[in-house]
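The values are calculated or read from the model by the stated rules, or taken from the named source; none is laboratory data. Not measured: the values here are computed from a predicted model. As a convention, Cβ positions derive from the backbone with ideal geometry for all residues, glycine included, and neighbour counts pool all protein chains shown. All accessible areas refer to the heavy atoms of the entire protein, side chains included, with ligands and DNA or RNA removed. Shrake-Rupley method; radii C 1.70, N 1.55, O 1.52, S 1.80 Å.
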Amino acid sequence: MSVFLARRFLTFLITVSGASVIIFLLLEVLPGDPALTMLGVDAPDSAIAALRLELGLDRPAPVRYVDWIAGLFRGEMGLSYVYKVPVTELIGQRLAVTLPLAIGAMVVATLSALTLGIFAATHHNRVGDYGVMGFSQLGLAIPDFWFGILLIILFAVILRWLPSGGFPGWDEGLWRGVRSLMLPVFTLSLSLTAIMTRVTRSAVLEVAREDYVRTARAKGLSRRAALWGHVLRNALVPVLTIGGVLAAAVVTGTLVIENVFALPGLGKLIFDAISNRDLMVVKNVVLLFAAIVVVVNFVVDILYALVDPRIRIQA
């Protein structure tokens, strides 16, 4: 197990390092002047030269890269050129919105998908199965942003049960913060639930047809006992696979959802930073997104080994 974890952790470090190099090359090394990009083509030469000096663009690229990475290890991400505050502080404030949103969406999607997928598999080719598959097809067809607008119209405008957008901050009370995230969480979880439901159903049906399940049933094991004791654990491997991919997609999905609901999260931050040409914020937030995606896949690999010992032994 320790060798398996060591290999996965080494892969994690290599991937994050490669992502940092690519991000740095795209934003600071490839043809084009970052200072000119930030100030615009009409900016005077003196202002561009002053900003180049402030950004350290007069130094060699390898030196700038090493300084950036060394600062990350110290917990320093530089100063935002627009907000004039440390990028670390900006990211910390926005994570308080984005993390609950992403985690909430994954929890809702996972619980809903497992419930619906198992129900559909145990009612195969019956009304319940057709209903669940119809729901999943609808969930895949509806764009998230449009579904969010429908939720706003229904629950915020017509029923007035939930706020239509914005975030009051956790300092205003836990319940107010949770209420403001309910609609975004359900919006973000719709397509995730649809995809994971179909995968769960297919995985359960496939495992239920295996010889060892039929043998257990032939020995007198009840259908429910066979399902919970033999089928589900082996069916979780493909579910974890797609869950890891979707968890990474949730991180980027917040870009759209946070703008629909006017949430001050990381998605809104990077959107504004790109609009304002705040490359210091863009560089660090994109690397953070990449790191989160890699961490999620690292966790999924560990869960693989816990769910299916064969993966651990082969590794």
- Query: Can you tell me which residues in segment 249-269 are at pLDDT 85 or above and open to solvent by less than 20 Å² (accessible area, probe 1.4 Å)?
  - Reply: 257, 258, 261, 263, 265, 266, 269
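Before we move on, is residue 11 assigned to a helix (DSSP H, G or I), of a type in the set (Ser, Thr, Tyr) and touching a helix residue (DSSP H, G or I) at 6+ places or on another chain (Cβ under 7 Å)?
Here the answer is no, as residue 11 does not meet what is asked.
Over 16 Å from the mean Cα position of the chain (by Cα), open to solvent by 30 Å² or more (accessible area, probe 1.4 Å), more than 18 Å from residue 105 (Cβ to Cβ) and among the charged types (D, E, K, R): does that describe residue 278? Before the answer, list the steps.
On the way: over 16 Å from the mean Cα position of the chain (by Cα): yes; open to solvent by 30 Å² or more (accessible area, probe 1.4 Å): no; more than 18 Å from residue 105 (Cβ to Cβ): yes; among the charged types (D, E, K, R): yes.
For residue 278, the condition - over 16 Å from the mean Cα position of the chain (by Cα), open to solvent by 30 Å² or more (accessible area, probe 1.4 Å), more than 18 Å from residue 105 (Cβ to Cβ) and among the charged types (D, E, K, R) - is not met.
Does segment 244-267 contain at least one residue that is farther than 30 Å from residue 163 by Cβ and in a helix (DSSP H, G or I)? Quick ask: steps written out before the conclusion?
Filtering segment 244-267 down to residues farther than 30 Å from residue 163 by Cβ leaves 244-245.
Still in the running and in a helix (DSSP H, G or I): 244-245.
Yes, because at least one residue in segment 244-267 is farther than 30 Å from residue 163 by Cβ and in a helix (DSSP H, G or I).
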- Message: Suppose we keep only residues that are open to solvent by less than 40 Å² (accessible area, probe 1.4 Å) and in contact with a Leu (Cβ under 8 Å, 6 or more places away or on another chain) within segment 289-303. Which one would you say is nearest to residue 248 (Cα to Cα)?
- Response: 289
